[in-house]
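Taken together, the values in this text are just the output of simple stated rules run on the coordinates, not laboratory data. Worth saying up front: this structure is predicted, and the values here are computed from it rather than measured. Cβ placement follows ideal geometry from the backbone for every residue including glycine, while neighbour counts extend to all protein chains displayed.
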Amino acid sequence: MKYDPVLNYINGKFVKSHTTRTLDVISPIDGAPLSKVPMSSALDLDDAVTAAKAAFPAWSKMPIKERVQVFFRYKYLLEKASKELADLCSEENGKTYGEAMAEIEKCIELTEFACSLPQLVTGEVLEVSKGVECRTEHVPLGVVASIVPFNFPAMVPNWTIPNAIALGNCMIIKPSEKVPLSCGRLAQILKEAGLPDGVFNIVHGDVEIVEAICDHPGIEAVSFVGSTKVAKIVYQRATSNYKRALALGGAKNHLMVLPDAIPGMTAQNVAASMSGCAGQRCMAASAMVGVGNVDHIIDKICEEAKKIVPGETLGAVISKESKERIERYITEAESQGAKVLVDGRHTTVKGKENGTYVGPTVIDYVKPDMSVAKEEIFGPVISIMRTNTVDEALAIENANPYGNAASVFTQNGGMARYIIDRASAGMIGVNVGVPVPREPFSFGGWNESKFGVGDITGKSSIEFWTKLKKSTTKWNPEAGINWMS
């Protein structure tokens, strides 16, 4: 093993789990064993909650302008350690170094936003009647938890860590057991930045810890990012225990390509969207709907896909099981009459034969009822459907149960607005293949891509991580009494 066994992080220290059950951590790049991660028990979670509850009174009473000083230092330390973090992220997840570095840069941007929170949570004050003043203020919830996925080992944790903690909460995070190393390094950086012990804790594990987080009476709120199937379970279980919950699920993002789209730009965007992070992101383009004659654009998409080199400009998928599942989708579509224009099956990389790679794959003449058209594949695969009109394309997009993102490629502003108004998705792009909002705009989809109210990042996250306290005061008896006082 390249690294020592992974430990939980509780009350500012790395500690062994109460359990001896572990899983191997394997690099998708070449199949090399990296470490072992503990499958912690509810006893470990109890320890983390106890530490967080003990830290909460002092941390929550600290003025927010003082709390965010930790994150000013954290931002500097992220910048300083960016290469190291990108290497680690790439190694355990399988993405390219460039993609990993972009992930760390996004962590830095998320932290920058958290540093601005003192200007965004000032509350309101108004004299509502003579001598009577009403005031609102955002109050932290207490101990909160965040359950994060494998596809962004550093970025998705930082969707929640800076905002939730800067707003006065103490946090427990449960990383994916497939990529546990990055979170441990983030914990070290947070401590170096001056975060008090107990404010941030890590408990590793599998479904047992997820269930324990949803059930634990000491946890006030739970955020989750992962598949829709599990997002539903987490949301239902957490809310049935009277917790706040925000659970982000899967996606099937549609790119609608019109004949007037600029061929080169469109092809580059489509290819990058479907293959970036090996297609393992909820914002990946996995379905394209060509409106009218777009053969010239599809030809260019194939040209761009063939330029993508596994092991160099295309990372690995997370596991052997994922590779096999993705390739089954391609084979099934082909057997049902779809045409595979660029085939990424059976891909190996010289010198990394034990790595788990799927090459970029373009499938044409896909029917809306095929599995590749309906289900989240989570690989570098795009399925192309064809329609005659924009309304037919919108009908396909709107019929899908997910609602994370959609994009349109056109030079017609009126048509773009028509699609923006009618597409059933929370994030829309125009000539943008990956329409992720930048801070302070929030990340979040619709329909079966999100369960709960609000979004997980940006200004919208403030409402999730705090509760609103309202106070009404009157000090001058000479003001008299009326129905408002």
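Figures for the structure shown
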{"quantity": "5 angstrom amide H check on Gly429, placed H, neighbours 5+ away", "calculated": "Ala406, Ser407, Val408"}
{"quantity": "Amide hydrogen neighbours beyond the local backbone of Val358, cut-off 5 Å, H modeled", "calculated": "Val317"}
{"quantity": "The range 171-185 - phi-based ³J(HN,Hα) in whole Hz, Karplus 6.51/-1.76/1.60, Gly and Pro as x", "calculated": "10, 10, 10, 10, x, 5, 5, 7, 9, x, 6, 4, 4, x, 5"}
{"quantity": "Fraction of antiparallel bridges per DSSP, the range 253-430 only, in percent to nearest 5", "calculated": "10"}
{"quantity": "Spatial separation of Cα centroids for the range 302-336 and the range 416-430, in angstrom", "calculated": "28"}
{"quantity": "Distance between the range 177-210 and the range 92-130 - C-alpha centres, whole angstrom", "calculated": "19"}
{"quantity": "Relative contact order (%) - criterion: Cα under 8 Å, at least six apart; region: the range 335-479", "calculated": "14"}
{"quantity": "Rounded to 5, the percent of DSSP beta bridges in the chain classed as antiparallel", "calculated": "45"}
{"quantity": "Computed [θ] at 222 nm, deg cm²/dmol, the chain (DSSP H ≥ 4; -39,500 (n - 2.57); rounded to nearest 500)", "calculated": "-12000 deg cm²/dmol"}
{"quantity": "For the chain: rounded, prolate or oblate by the Cα gyration tensor [a/c cutoff 1.5]", "calculated": "oblate"}
{"quantity": "Global geometry of the range 24-111, whether rounded, prolate or oblate, following the gyration tensor of its Cα atoms and the 1.5 cut on a/c", "calculated": "oblate"}
{"quantity": "15 Å beta-carbon shell around Asn293, net charge (K/R +1, D/E -1)", "calculated": "-3"}
{"quantity": "Evaluated at q = 0.17 Å⁻¹: base-10 log I(q)/I(0), Debye formula over Cα of the range 1-71", "calculated": "-0.77"}
{"quantity": "Total formal charge among the other residues, if their Cβ is under 10 angstrom from that of Ile209, Lys/Arg +1 and Asp/Glu -1", "calculated": "-4"}
{"quantity": "Dimensions in Å of the range 47-196 - Rg and Dmax from alpha carbons", "calculated": "17.3, 64"}
{"quantity": "³J(HN,Hα) computed for each position of the range 189-197 - Karplus, 6.51 cos²θ - 1.76 cosθ + 1.60, integer Hz, glycine/proline x", "calculated": "5, 4, 5, 4, 6, x, 5, x, 4"}
{"quantity": "Neighbourhood charge, 12 Å Cβ-Cβ cut-off, centred on Tyr74 and excluding it, Lys, Arg +1 and Asp, Glu -1", "calculated": "+2"}
